[in-house]
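**Student:** Right, I'll just put the structure down here and ask away after.
What follows draws every value from the coordinates through simple rules; no lab data is involved. These figures come from a predicted structure and were not determined experimentally. Positions of Cβ are generated from backbone atoms using ideal geometry, with glycine treated the same way; all protein chains shown enter the neighbour counts.
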Amino acid sequence: MTIQLEGKKIQDQDQFMVPQTNAFGHDFRDYNNAQSERQKGVEKFYKTQHINQTYDFVKKMREDYTKLDKAKMSIWECCELLNDVVDDSDPDLDEPQIQHLLQSAEAIRKDYPNEDWLHLTALIHDLGKILVLPKFGGLPQWAVVGDTFPLGCSFDESNIHHKYFKENQDFNNSIYNTKNGIYYDFIGLENVMMSWGHDDYMYMVAKENGTTLPSAGLFIIRYHSFYPLHKNGAYKHLMNDEDEENLKWLHVFNKYDLYSKSKVHVNVEEVKPYYMSLIEKYFPAKLRW
């Protein structure tokens with residue numbers, strides 16, 4: 001199957017072999033098996049996230065981080081900072097984040113060798129997780145990682161551990177608790193307030209620093225954790241035509257993002273020159289963060 005998009009093609013090549021289990025021997029994104037300590041920690045994470053991610057909280061975070069006044073550095077410098085970050089919301093991996101980025105990028109590079117923008121998108125899609133580091137605000141993990149969802153409308157039941165939203169102050173707010181809330185059908189996701197985290201932050205950094213990545217790349221960065229949409233088809237009534245086209249690329253990317261996680265490490269120095277050339281092509285030498 002080939003899908004045309006902005007002069008590019010999505011080729012379903014079926015070369016990527018999806019593993020049966022994650023790095024711990026469990027099903028991928030298994031949030032219902034609470035037998036392991038890591039699973040219990042993941043559920044506790046989502047309880048805290050669902051209670052605290054409110055419309056007002058996200059509005060405040062966006063106002064603060066839009067200033068991009070935390071640091072000035074290159075994309076690769078940011079990649080190296082991720083050596084100090086482990087994602088507590090992820091039941092599939094407990095490795096440093098830079099390995100996940102390279103694993104995703106290298107897997108996509110193998111199957112889509114001509115889409116260099118997609119290789120780079122995979123490399124940088126999680127860079128916003130530096131928000132947990134003190135220099136970038138030292139935000140708690142519930143304000144940085146995990147599945148994302150819209151604020152300003154009702155919480156769809158496809159959201160992981162939906163029951164904990166009942167303790168969110170927006171849950172009973174009559175302005176927000178209808179299907180559309182403050183929005184209208186086909187408004188476009190760019191006009192929807194998403195829960196705050198690394199996705200929206202990295203999208204903001206890339207856009208405000210003048211990246212030349214195509215809109216599909218920016219869409220992947222901003223919505224790759226929006227699992228209620230791209231896994232369950234929720235909130236599609238808020239999408240416009242451009243969102244629908246970009247979602248096709250996100251579906252391609254998601255397979256590699258989710259299933260390339262492994263205990264087998266990529267040799268960083270071996271692949272670094274290639275990714276440095278892509279960074280130079282699509283980004284300025286230094287970015288405001």
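**Student:** Treat each spin label as a single point 7 Å out from the Cα along the C-beta direction, and report the Asp185 to Thr212 distance in nm.
**Tutor:** A separation of 4.1 nm, rounded to one decimal place.
**Student:** What residues from region 131-156 fall in the zone where the backbone N is under 15 Å from a label point 7 Å along the Cα-to-C-beta line of Lys44?
**Tutor:** Inside the label zone: 141-142.
**Student:** Within 10 Å, count the other beta carbons around each residue, average over each peptide in 232-239, 48-55, 139-146, and list them highest first.
**Tutor:** Result, highest mean Cβ count within 10 Å first: 139-146, 48-55, 232-239.
**Student:** While we're looking at this one, here's another question. State the extension gain, in nm to one decimal, for the chain segment bounded by Lys281 and His251, taking 0.36 nm per residue of separation less the distance between their alpha-carbons.
**Tutor:** Full-extension gain reported as 8.3 nm.
**Student:** In addition: Between region 271-289 and region 187-234, what is the separation of their alpha carbon centroids in Å?
**Tutor:** So the two Cα centres are separated by 20 Å.
**Student:** Quick one: which of Lys44/Lys272; Lys207/Lys272; Lys59/Lys110; Lys110/Lys179; Lys47/Lys110 span more than 31 angstrom between C-alpha atoms?
**Tutor:** Going by Cα-Cα distance, Lys44/Lys272; Lys59/Lys110; Lys110/Lys179; Lys47/Lys110 fall outside the 31 Å limit.
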